[in-house]
Ligand code: FES
């Protein structure tokens, strides 16, 4: 005998049952294969300044960015890549962003989580107007 305990069949089976199979769990959270599931890593030109009126919110699906303009005229921008598991959020209901993967909801004007499972706010981008165009730039 080596002195090392031999695991019982039951222990082996229990361990196998709780060991995740590589890739299986993540497949359901896959952001899809549209190739646009990344938050901006460089300045992104979104549209004309006039596209987002005071008090309005606009989702730029192709760029994965949401922009809102406060009543004082200031702009806010957030990445719409869900902070739960990375799905791109393509649905805006009023000022609420709804993730299609597990139902997390975010306030598009503040980035705050309105509904779990996400627990981390959306990533804020710097929003500014350059030559009449709205540009969102990742904070560094
Ligand atoms: Fe899970 Fe968005 S990726 S709720």
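The values are calculated or read from the model by the stated rules, or taken from the named source; none is laboratory data. Since we're looking at a predicted model, the values are computed, not measured. Please note: Cβ atoms are built from the backbone with ideal geometry, for glycine as well, and neighbour counts cover all protein chains shown.
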Residue 87: passes all of (1) within 16 Å of the ligand (Cβ to nearest atom); (2) at pLDDT 95 or above; (3) touching a strand residue (DSSP E or B) at 6+ places or on another chain (Cβ under 7 Å) but (3)
The residue from 86, 94 that alone is under 11 Å from the mean Cα position of the chain (by Cα) and surrounded by fewer than 18 Cβ atoms within 10 Å (Cβ to Cβ) is 86
Residue hits (the range 36-63; surrounded by fewer than 15 Cβ atoms within 10 Å (Cβ to Cβ) and part of a loop (DSSP other than H, G, I, E, B)) are 36, 38, 41, 42, 43, 53, 54, 55, 56
Across (1) closer than 19 Å to residue 114 by Cβ; (2) over 10 Å from the mean Cα position of the chain (by Cα); (3) surrounded by 15 or more Cβ atoms within 10 Å (Cβ to Cβ), residue 99 clears everything bar (2)
Condition set part of a loop (DSSP other than H, G, I, E, B) and surrounded by 21 or more Cβ atoms within 10 Å (Cβ to Cβ), scope the range 64-82, selection nearest to the ligand (Cβ to nearest atom): answer is 82
Scanning the range 38-63 for residues that are over 15 Å from residue 137 (Cα atoms) and within 16 Å of the ligand (Cβ to nearest atom) gives 59, 61
Conditions (1) within 10 Å of the ligand (Cβ to nearest atom); (2) buried (at least 20 other Cβ atoms within 10 Å of the Cβ) -> residue 116 fails only (2)
Exactly one of 92, 125 is more than 15 Å from the ligand (Cβ to nearest atom), touching a residue at least 24 places away in the same chain (Cβ under 8 Å) and in contact with a strand residue (DSSP E or B) (Cβ under 9 Å, 6 or more places away or on another chain), and that residue is 125
